[in-house]
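Beneath this line is the structure, given in structure tokens, with notes to follow.
Each value in this text was obtained by applying a stated rule to the coordinates, not by laboratory testing. Note that the structure is a prediction, hence the values are computed from the model and not measured. Quick reminder, even Gly has a Cβ in these numbers, built from the backbone with ideal geometry, and neighbours come from all protein chains shown.
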Amino acid sequence: MLTHPLLPKLKELRLSAMVDTLEARSELAREQGLTPTEFLALLLDDEIERRHNARIAKMEKAAGFDWPKSLSQFDFAAIPTLDRSVVLEMATCRFIERKENWLLVGPTGVGKTHLSIAIGYEAIKRDMRPVAYQTHNLLGKLHAARADGSYAELMRKVVTCDLLMLDDFGLRPVSAQGSEDLYEIIQMRYERGSILLTSNRSPTEWGDIFGDSLLASAALDRLTHHARVTVITGESYRQKTRLKEENTQQRYDNFKNA
């Protein structure tokens, strides 16, 4: 179809991708006796779908997710202490519309990061712009950005997105400059944009992350105001999976050696 006579016109209109389905739609129109208007509507529907998919792919790339995760992949049965109705409510993304925060707290391996990324994908479906970072990575990027002059642009991205996702908050020590950057982010997003934060440290310990009691008090007051805190308890899903795999392998070895 690279030599189709309509290609130059479609290129001029920035509709060249329409050529991909032009032949199939033309055949369908002949078979079903479609009117010119119906035929054109099919081609336009194809183009709308292509552009939608391209926009979604672009937003997913810009979000910076470490790996794809969805709610349909989440094993709620493995984490019985987690209220499924709360997760489904947050998946509506209405908390993002209300500029509220969601703070997910629990030990390693109970699915906090999975849920965070899944909510990020739900936000993209609703044409919202999430941005995801490991907390210590973001602080490192901001530190490096001061040296190369890109600090303002990075901070703008962090502050203006619809949903800022901070994973493993408090997992690693934070420098004095990092504490100030965290405060600045929380303060600038307060009642202007949502934060979805995961941490394996109790909220009572979060003040220690900042190292400055006044800075910590001001930051946490804003972070926890208009916020839902969900505490997840239970054993590590990853460790349970590992033990299950080991038991399966042991049974196989026993059977093979019997």
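Observations, loosely collected:
- Listed peptides 80-89, 94-103, 115-124, 138-147 appear in the order 115-124, 94-103, 138-147, 80-89 once ranked by packing, highest mean of other Cβ atoms within 10 Å at the front.
- Summarising the overall dimensions of segment 7-62 from its C-alpha atoms, the Rg and Dmax are 13.2, 43 angstrom.
- For segment 165-178, 3J(HN,Hα) computed residue by residue from phi via the Karplus equation (6.51, -1.76, 1.60; θ = phi - 60°) reads 10, 10, 9, 6, 5, x, 5, 10, x, 10, 6, 4, 5, x Hz, glycine and proline entered as x.
- Take the Cβ atoms of SER26 and ILE48, set R0 to 25 Å, and the FRET efficiency comes out at 0.85.
- Residue among THR21, ASN101, MET128 farthest towards the positive dipole end of segment 1-139, charges placed on Cβ: ASN101
- Ranked by the mean number of other Cβ atoms within 10 Å per residue, highest first, peptides 154-166, 48-60 order as 154-166, 48-60.
- Measuring against 30 Å, Cα to Cα, the residue pairs LYS11/LYS69; LYS69/LYS157; LYS11/LYS99; LYS58/LYS112; LYS9/LYS157; LYS11/LYS157 contain LYS11/LYS69; LYS11/LYS99; LYS9/LYS157; LYS11/LYS157 as the ones spanning a longer distance.
- Equivalent-ellipsoid semi-axes for the chain (Cα gyration tensor, √(5λ), whole Å, largest first): 42, 29, 18.
- In a simple Cβ point-charge model (Lys, Arg +1; Asp, Glu -1; nothing else charged), the chain has a dipole of about 120 debye relative to its Cα centre.
- Full-extension gain in nm, GLU97 to THR233, via 0.36 nm per residue minus C-alpha separation: 46.2 nm
- Result for the chain in a Gaussian network model with C-alpha springs under 10 Å: among GLN177, GLN134, GLN32, the largest mean-square fluctuation is at GLN32.
- 0 to 90° range, to nearest 10: angle between helix 237-257 axis and the chain longest Cα axis: 80
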